[in-house]
1. If ASP132 meets every condition in (1) surrounded by fewer than 24 Cβ atoms within 10 Å (Cβ to Cβ); (2) more than 28 Å from GLY293 (Cα to Cα) apart from one, which number is that one?
2. Anything in the range 83-105 that is surrounded by 17 or more Cβ atoms within 10 Å (Cβ to Cβ) and within 17 Å of ASP132 (Cβ to Cβ)? List them, or say none.
3. Only one of (1) out of contact with any Asp or Glu (no Cβ under 9 Å at 6 or more places or on another chain); (2) surrounded by fewer than 24 Cβ atoms within 10 Å (Cβ to Cβ); (3) not basic (Lys, Arg) fails for ALA243. Which number is that?
4. Can you work out which of the residues in the range 284-299 that are closer than 16 Å to LEU365 by Cβ and surrounded by fewer than 24 Cβ atoms within 10 Å (Cβ to Cβ) is farthest from the chain's Cα centre (by Cα)?
5. Output the number of residues of the range 299-325 satisfying the condition of being out of contact with any helix residue (DSSP H, G or I) (no Cβ under 7 Å at 6 or more places or on another chain) and among the basic types (Lys, Arg).
6. Can you confirm whether GLY237 is farther than 20 Å from ALA338 by Cα, of a type outside the set (A, V, I, L, M, F, W, C), under 25 Å from the mean Cα position of the chain (by Cα) and modelled with pLDDT under 85?
Amino acid sequence: MAGTRISRRGNAAHRFYSVVVFVVLASLDNVAIGLVPPLYGPIAGALGVPKGLLGLVTAASFLVSAVAAVAWAYVGDRADRKPLLMVGTLIWAAGTGASGLAPDYPVFLAAQLLAAVGLGAVGSVGFSVVTDLISPRRRGLVMSFWGLSQGVGTLVGTLTGGILGSTDWRRPFLVVTVVGLAATVAYLFTYDVRRGQSEPELARAMDAGGEYDHRISRADLPRILARRTNRWLILQGLTAQAAFGSLVWLPVLFTERAREQGYSAVTAVLVGSLFATLFQLGGVLSIVGGLVGDALQRRTPRGRALVAAAGVLAALPFYLVLFLVPIRIDVPDGGSSAAVVSAVLASVLTEPTVGLSLLTAVVALALTSANSPNWFALIADVNPPEHRGTVYSLGNLVNGVGRAAGNGLVGAAFDGLRAAFPPPLNYAVGLAAFQLFFIPTGLMYWLAARTSPDDIHSMRTLLHSRAHHRRGAAAVRHVDPDRHQEQDQIERQGREHPRRRD
């Protein structure tokens, strides 16, 4: 029996390799996203366009990626997911490479939008695969690594763009393209993850040789949106990402602060990228948010949502301090990249304003990073396996709209504030104002905490019903022709006879 289980589920090393590959690839697509913002100035100068048009490229890329993710996810919830991930990776690598070779703005815009189409596959389809690898008890922890990889990817993209692109803006795009092509090869050796294999309710039937053959259909879409927790998980992205989307301008804020203090354009871009990277290191503590979410979820089915709500609301005052308290920059103007990096790191200990800002940033990012792993895990907790990629992509679509709005509108806000607040103060005030969007985000997570216990119970009951519909290997393979009626009945019973809330 043990041998059968290993052969069906893959050995530990292969499963670990597969998790690592998916996490790394989730990071790589965010590296590609993070390349452009720190290079707004050099790219705008080379292509002969205002910096504002580069901000529109980033906003449009967020939106196109989110829309494409819905299509990728729907197909992924119905078909073999591995080929889709490989094709998506090749598409974003091709778009990133074309961006680095673009001779003018229209070609650069088209290349970035092509890359965005491919990026939509990595997040949505990859999420569906990872949830099938991890049991519910550890979802918060593993999803913290998934979310952390995306945050780290954005930081690496910012740093790569600032360092490799400080003298030649095209270089980082070409380097990331090569890495993307290597990632495609890594896909070939990943474990073929079976849909639903991590669910305890299905484990016995799948170990006996069954397969989970339920697949999404268009008739499922109204049921997905009727699930109350899904509505709050999807809608919170509109306001959360308006705040998060504005943060892509963080390198610009610190670049402008460096220029105000008399540094040259090249040094200022490098300083801006370094400070923006350094001040976002608190995102690493999303692991703590995932662990706390797992622990509290074992005590109450409201746990994950409560952790996310508390995190985003508590972070707000720290963001206001981070943006509005000025810092003193002391680096060698015109020095080498190594010398500037060394000076920035030393300033954390030698310059009180830098040390205080770093501490504030770490706390702010640590608190808001609790949002990500618990959002991912909640989607998996309240939805059956064949819905998860699509629900994630719908949430990501709303996230994309919010992030595009935050990224685009904050640029207009900077221009509007310029008359009253000269740079860099206009950037600081604009960024601080956009963090107020975390308030409705926290309220929506609190509402999700009220609905999630019943939705989790309904999902588990549904999987238990499917696993025991027939005996033996056919238990999971059987597709009930009345499965929609079965699902509706179970979810209706959950609403009419809710479980006692802890």
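The values are calculated or read from the model by the stated rules, or taken from the named source; none is laboratory data. As the structure is a computational prediction, the values presented were derived from the model and not from experiment. Virtual Cβ from ideal backbone geometry, glycine too; neighbours counted across all protein chains shown.
1. (2)
2. Within the range 83-105, LEU84, LEU85 qualify.
3. For ALA243, the failing item is (2).
4. VAL292
5. Going residue by residue through the range 299-325, those that are out of contact with any helix residue (DSSP H, G or I) (no Cβ under 7 Å at 6 or more places or on another chain) are 299-300, 310, 317.
Okay, now just the ones that are also among the basic types (Lys, Arg), so 299.
Of the residues in that region, 1 qualify.
6. The answer is no for GLY237.
Let's see how each residue does on (1) part of a helix (DSSP H, G or I); (2) modelled with pLDDT of 85 or more:
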{"site": "TYR392", "(1), (2)": "yes, yes"}
{"site": "LEU397", "(1), (2)": "yes, yes"}
{"site": "GLY400", "(1), (2)": "yes, no"}
{"site": "ALA404", "(1), (2)": "yes, no"}
{"site": "ALA420", "(1), (2)": "no, yes"}
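So that you can scan it fast, the table gives a plain yes or no per residue for (1) surrounded by fewer than 24 Cβ atoms within 10 Å (Cβ to Cβ); (2) within 19 Å of the chain's Cα centre (by Cα):
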residue	(1), (2)
SER336	yes, no
ALA346	yes, no
GLU351	yes, no
LEU359	yes, no
TRP375	no, yes
LEU397	yes, yes
GLY400	no, yes
LEU431	no, no
